[in-house]
1. Taking V236 and the conditions (1) modelled with pLDDT under 90; (2) not in a helix (DSSP H, G or I), which numbered condition does it fall short on, given that it satisfies the others?
2. Could you go through the stretch 138-147 and let me know if any residue there is under 21 Å from F57 (Cβ atoms) and at pLDDT below 90.
3. Name the single residue, out of those in the stretch 1-45 being assigned to a helix (DSSP H, G or I), polar (S, T, N, Q) and surrounded by 10 or more Cβ atoms within 10 Å (Cβ to Cβ), that is modelled with the highest pLDDT.
4. Taking T222 as the residue in question, decide whether it is assigned by TED's automatic domain parsing to the domain that holds L153, among the β-branched types (V, I, T), at pLDDT 85 or above and surrounded by 14 or more Cβ atoms within 10 Å (Cβ to Cβ).
5. Within the stretch 70-77, is even one residue over 22 Å from L173 (Cβ atoms) and assigned to a helix (DSSP H, G or I)?
6. Can you find even one residue in the stretch 130-146 that is in contact (Cβ under 8 Å) with a residue 24 or more places away in the chain, hydroxyl-bearing (S, T, Y), crowded, with 22+ Cβ neighbours inside 10 Å and assigned by TED's automatic domain parsing to the domain that holds L214?
7. With respect to A201, determine if the residue is without any contact (Cβ under 8 Å) to a residue 12 or more places away in the chain and not assigned by TED's automatic domain parsing to the domain that holds K290.
8. Can you pull out the residues in the stretch 79-109 that are among the basic types (K, R) and surrounded by 14 or more Cβ atoms within 10 Å (Cβ to Cβ)?
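The values are calculated or read from the model by the stated rules, or taken from the named source; none is laboratory data. Fair warning: this is a prediction, and the values are worked out from it, not measured in the lab. Cβ placement follows ideal geometry from the backbone for every residue including glycine, while neighbour counts extend to all protein chains displayed.
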Amino acid sequence: MNPILSKLLVDIARKRLQNKQADKPVSKKQIVPLVRRFQVEVKHATKEYIFIIIGVFSAGFGLKGFLLPNRFIDGGATGISLLLQNVTNFDLSYFLILVNVPFIILASRTINIKFAFRSIAAISFLAFVVHFVEYPTVTDDKLLISVFGGFFLGLGIGMSMRGGSVIDGTEVLAIYLSKKLSLTIGDILLLINILIFSVGAYILSIETALYAILTYLAAAKTVDFVVDGVEEYVGVTIISTHHETIRIMLTENLRRACTIYAGKGGYGKNGESYDKDIIYTVVTRLELAKLQTEIDKIDRNAFIIMGIVKDLKGGMIKKKPLK
């Protein structure tokens, strides 16, 4: 890490410890772990904001280079915004913010405040890009508009998710409703988009609605590729020598339940076997970036296995928001 940034983190850590224990001197042994935590947070935050910036410019290109000049629509909150823009002829950037605001308020309760603020920043940045950045109109071929408009929009949505935010808030609504109704997240997203496309067919034309479905499918498949599936839940298996510290982090800091398996390593660094607990937990993919950051703070060498979980029933994941 940059020496100037490292020194800044050391100073911040020292001041924070001095405020907590004003009557005791701060030792280097106390500073080192706190600085390491700061370094992990800075590293992950930088990577996540790079993902968001790339995602915003990609989504802006999909909107202004393909969909908007040709009066096409998409699914989700972006589709609603495009539909309103087509009907009213007001600037799309205003609708991108207005339509997503209720979903972001919901995100602050369903997921966490940090995620909501990051999503507000991402959506506001997208509105800024759509309003001020000039993109060339690439083509007027309807099939190419549908496929590549959906591709770049889906790439933007997926990259933003990789950065721990959303630029289309309907997924937040789907996560919330899945906790209240006997429906999967995929079913809810499908119903929302059927409604949007039906309104589009009535207001614009059936042909436009059919092309919009094609755009949505292209975007959805691209999101699948970028974030390893539209499935909302990820099963995470963690193998680490610091398993007890990770368990406490999961249950007390993140308020996530976990299952502990008594495990035995088959081959250690020197070829010997050894005992260690194996931790298994399930999080939503919007929470995955936060979980990886917290694990890195404890053990950068932890062995983490992630697998897609289509849906789940019971447990605590649908009952408690991530801190």
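1. (1)
2. If we filter the stretch 138-147 for residues that are under 21 Å from F57 (Cβ atoms), which is where we start, we get 138-139, 144-147.
Cutting the leftovers down to at pLDDT below 90 gives us 138-139.
Yes.
3. The selected residue is Q39.
4. yes
5. Here is the first cut: in the stretch 70-77, the residues over 22 Å from L173 (Cβ atoms) are 70-72.
The next check asks that each one be assigned to a helix (DSSP H, G or I); those that pass are 70.
Checked the stretch 70-77: at least one residue is over 22 Å from L173 (Cβ atoms) and assigned to a helix (DSSP H, G or I).
6. Yes: one or more hits.
7. In short, yes.
8. Residues satisfying the conditions do not exist here.
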